[in-house]
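The values are calculated or read from the model by the stated rules, or taken from the named source; none is laboratory data. Just so it is clear, the model here is predicted, and its values are computed rather than measured. Note that we place each Cβ from the backbone using ideal geometry, even for glycine, and neighbour counts take in every protein chain shown. SASA here: full protein model, heavy atoms, side chains in, ligands and nucleic acids out. Shrake-Rupley method; radii C 1.70, N 1.55, O 1.52, S 1.80 Å.
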Amino acid sequence: MIWNETMECMSREEMRKIQSIRLKKIAERVYHNTPFYRKKMQESGITPDDIQSIDDIVKLPFTAKQDLRDNYPFDLMASPMSEIVRLQASSGTTGKPIVVGYTRKDLSIWAEVSARCLTAYGITNHDIIQVSYGYGLFTGGLGAHCGVENIGGTVIPMSSGNTQKQIQLMHDFGATGLCCTPSYALYLAETIHESGIPLEEFKLRIGGFGAEPWTENMRKELEEKMNIKAYDLYGLTEIIGPGVGGECDYQEGTHLWEDHFFPEIIDPETLQPIKSGEFGELVFTTLTKEGMPMMRYRTRDLTRLHYDTCKCGRTAVRMDRILGRSDDMLIIRGVNVFPSQVESVILELEEFEPHYLIIVDRVNNTDTFQVNVELRQAYYSDEMTKIVALRNKITSRLQSVIGIKPDIKIVEPRSIERSQGKAKHVIDNRRLV
């Protein structure tokens with residue numbers, strides 16, 4: 001099923017024409033309406049007249065998360081506050097939040113792109129979708145919510161938390177879909193199994209998961225534990241929220257709706273564009289957003305793009321799974337380590353639960369690298385030889401993947417704190433020194 005066949009299946013040539021027209025308009029909008037961008041463009045020696053096609057995007061300045069904090073709360077708006085009908089803000093940051101503003105047109109676009117994602121999963125107006133992303137200032141809840149409503153489906157606006165009630169209503173209301181973070185979905189899956197309610201009594205068939213990186217192995221874990229098909233739902237508060245992209249039924253990458261959000265891949269060190277198909281940092285420019293457009297926003301997400309036509313018939317560019325974030329990468333004893341690498345290994349090994357905590361510290365000027373992992377109940381034992389064998393097994397596997405030897409601490413089942421939103425997997429005590 002295709003929600004907007006015209007845009008999702010457009011030829012590359014036609015898409016570039018639309019992108020060029022929209023880029024020129026948005027460059028003019030920010031130049032005349034946003035002092036921050038006008039100053040940045042003048043410092044770069046360019047005006048909107050220098051932007052004639054999508055190829056000219058490389059002339060525009062980058063925007064970073066710190067720019068949003070420095071212009072808190074409304075200095076990046078390109079519309080007067082009389083036209084801003086909603087304010088939302090990022091989660092998980094300290095100090096001032098990242099604030100974004102939406103016009104009525106922005107909210108309409110958000111509902112449309114979110115609907116594209118959900119429709120690609122196979123969700124229709126006959127589905128009942130439980131939205132267990134956080135509502136409020138966080139974009140997750142309302143972003144998925146508006147997409148379901150746009151399709152004509154039924155929304156259960158649960159928000160996150162109150163897990164027992166989540167399970168009860170999921171069962172009683174006959175929810176056929178679930179939207180939340182993958183880590184919270186795992187917690188819900190555990191709670192369902194502990195509830196005593198047979199999984200067969202639930203009608204769940206589809207999950208739309210995002211707001212944090214997750215691996216293919218976690219997908220398999222969720223699909224097995226919840227008897228669903230699990231899809232990626234990608235988005236950023238700074239760009240619009242969930243709905244920037246989503247997977248189709250073939251799951252060979254996340255389709256990005258590039259008629260609204262133009263993606264680039266750059267080298268995070270040199271900031272130069274890199275060859276098609278190579279890994280680098282994802283950058284977005286919003287092509288249609290009125291309230292708070294973003295010029296070449298550095299997401300810090302590390303991935304690559306594929307421009308060939310998908311088996312589903314969509315020509316919309318596809319993004320690989322995100323390896324991690326350039327600002328989440330840990331450098332431990334000179335080695336680059338991503339939490340997703342650790343997670344992938346843990347999920348390969350049947351003896352361990354998909355819950356872990358990485359603790360990095362510095363002792364006597366040397367980095368320490370500890371990984372706490374939960375043993376599954378079926379493998380839990382007080383026999384030291386068995387525990388040592390399991391520790392050696394996971395240590396060896398992690399060392400072969402990452403390149404350095406971790407200090408593995410095997411902990412009891414359910415001893416690592418569960419997340420009802422975005423999971424916290426890393427404690428880096430070096431940053432506190």
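Report those helices (runs of 4 or more DSSP H) wholly inside segment 1-101 carrying at least 1 residues which are open to solvent by 20 Å² or more (accessible area, probe 1.4 Å) and closer than 15 Å to residue 285 by Cβ. Break it down stepwise before answering.
Working: elements: 5-8, 12-33, 35-43, 65-70.
Where helices (runs of 4 or more DSSP H) fall fully within segment 1-101 and carry at least 1 residues being open to solvent by 20 Å² or more (accessible area, probe 1.4 Å) and closer than 15 Å to residue 285 by Cβ, they are 12-33, 35-43, 65-70.
Here 296, 300 are screened, and the one residue that is crowded, with 17+ Cβ neighbours inside 10 Å, modelled with pLDDT of 95 or more and among the charged types (D, E, K, R) is 296. Looking at 109, 46, 98, 51, just one residue is of a type in the set (A, V, I, L, M), in contact with a Leu (Cβ under 9 Å, 6 or more places away or on another chain) and in contact (Cβ under 8 Å) with a residue 40 or more places away in the chain, and that residue is 98. Looking across segment 347-358, the residues that are open to solvent by less than 10 Å² (accessible area, probe 1.4 Å) and either within 9 Å of residue 374 (Cβ to Cβ) or without any contact (Cβ under 8 Å) to a residue 24 or more places away in the chain (or both) come down to 352, 354, 356. All of (1) open to solvent by 20 Å² or more (accessible area, probe 1.4 Å); (2) within 22 Å of residue 65 (Cβ to Cβ) hold for residue 227 with one exception: (2).
Every listed requirement among (1) open to solvent by 10 Å² or more (accessible area, probe 1.4 Å); (2) within 14 Å of residue 266 (Cβ to Cβ) is met by residue 313 save one, (2). Please go through segment 191-217 and pick out each residue that is within 30 Å of residue 319 (Cα to Cα), open to solvent by less than 30 Å² (accessible area, probe 1.4 Å) and modelled with pLDDT of 90 or more. Within segment 191-217, 204, 206, 207, 208, 209, 210 qualify.
Any residue in segment 369-378 that is charged (D, E, K, R) and open to solvent by 60 Å² or more (accessible area, probe 1.4 Å)? There is no residue in segment 369-378 that is charged (D, E, K, R) and open to solvent by 60 Å² or more (accessible area, probe 1.4 Å).
As a summary of the residue check, residue 114 satisfies the conditions (1) among the polar types (S, T, N, Q); (2) at pLDDT 95 or above; (3) within 26 Å of residue 141 (Cα to Cα); (4) not in a helix (DSSP H, G or I) except for the one numbered (4).
So that you can scan it fast, the table gives a plain yes or no per residue for (1) at pLDDT 85 or above; (2) surrounded by 12 or more Cβ atoms within 10 Å (Cβ to Cβ); (3) of a type outside the set (Asp, Glu); (4) closer than 27 Å to residue 184 by Cβ:
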{"position": "391", "(1), (2), (3), (4)": "yes, yes, yes, no"}
{"position": "394", "(1), (2), (3), (4)": "yes, yes, yes, yes"}
{"position": "406", "(1), (2), (3), (4)": "yes, yes, yes, yes"}
{"position": "414", "(1), (2), (3), (4)": "yes, yes, yes, yes"}
{"position": "417", "(1), (2), (3), (4)": "yes, no, no, yes"}
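For segment 409-433, what are the residues that are of a type in the set (A, V, I, L, M) and under 26 Å from residue 181 (Cα atoms)?
Narrowing segment 409-433 to residues of a type in the set (A, V, I, L, M): 410-411, 416, 423, 426-427, 432-433.
Answer for segment 409-433, where residues must be of a type in the set (A, V, I, L, M) and under 26 Å from residue 181 (Cα atoms): 410, 411, 416, 423, 426, 427.
So is residue 422 part of a strand (DSSP E or B) and either open to solvent by 50 Å² or more (accessible area, probe 1.4 Å) or not β-branched (Val, Ile, Thr) (or both) or not? No, not satisfied. If you check residue 336 against the conditions, is it closer than 30 Å to residue 302 by Cα, touching a residue at least 60 places away in the same chain (Cβ under 8 Å) and open to solvent by 30 Å² or more (accessible area, probe 1.4 Å)? For residue 336, the condition - closer than 30 Å to residue 302 by Cα, touching a residue at least 60 places away in the same chain (Cβ under 8 Å) and open to solvent by 30 Å² or more (accessible area, probe 1.4 Å) - is not met. Among residues of segment 117-137 being of a type in the set (A, V, I, L, M) and modelled with pLDDT of 95 or more, the one that is surrounded by the fewest Cβ atoms within 10 Å (Cβ to Cβ) is 128.
Per this entry, residue 161 is not counted among residues that are buried (at least 22 other Cβ atoms within 10 Å of the Cβ), under 22 Å from the mean Cα position of the chain (by Cα) and not aliphatic (A, V, I, L, M). Taking the condition of being surrounded by fewer than 23 Cβ atoms within 10 Å (Cβ to Cβ) and either under 22 Å from residue 251 (Cβ atoms) or in contact with a helix residue (DSSP H, G or I) (Cβ under 7 Å, 6 or more places away or on another chain) (or both), how many residues in segment 165-181 meet it? Residues in segment 165-181 being surrounded by fewer than 23 Cβ atoms within 10 Å (Cβ to Cβ) and either under 22 Å from residue 251 (Cβ atoms) or in contact with a helix residue (DSSP H, G or I) (Cβ under 7 Å, 6 or more places away or on another chain) (or both): 3 in total. Restricting attention to segment 256-279, and to residues there that are out of contact with any helix residue (DSSP H, G or I) (no Cβ under 7 Å at 6 or more places or on another chain) and open to solvent by less than 10 Å² (accessible area, probe 1.4 Å), which single residue is farthest from residue 146 (Cα to Cα)? Going through the qualifying residues, I end up with 266.
Among the conditions (1) surrounded by fewer than 16 Cβ atoms within 10 Å (Cβ to Cβ); (2) modelled with pLDDT of 95 or more, the only one that residue 319 does not satisfy is (1).
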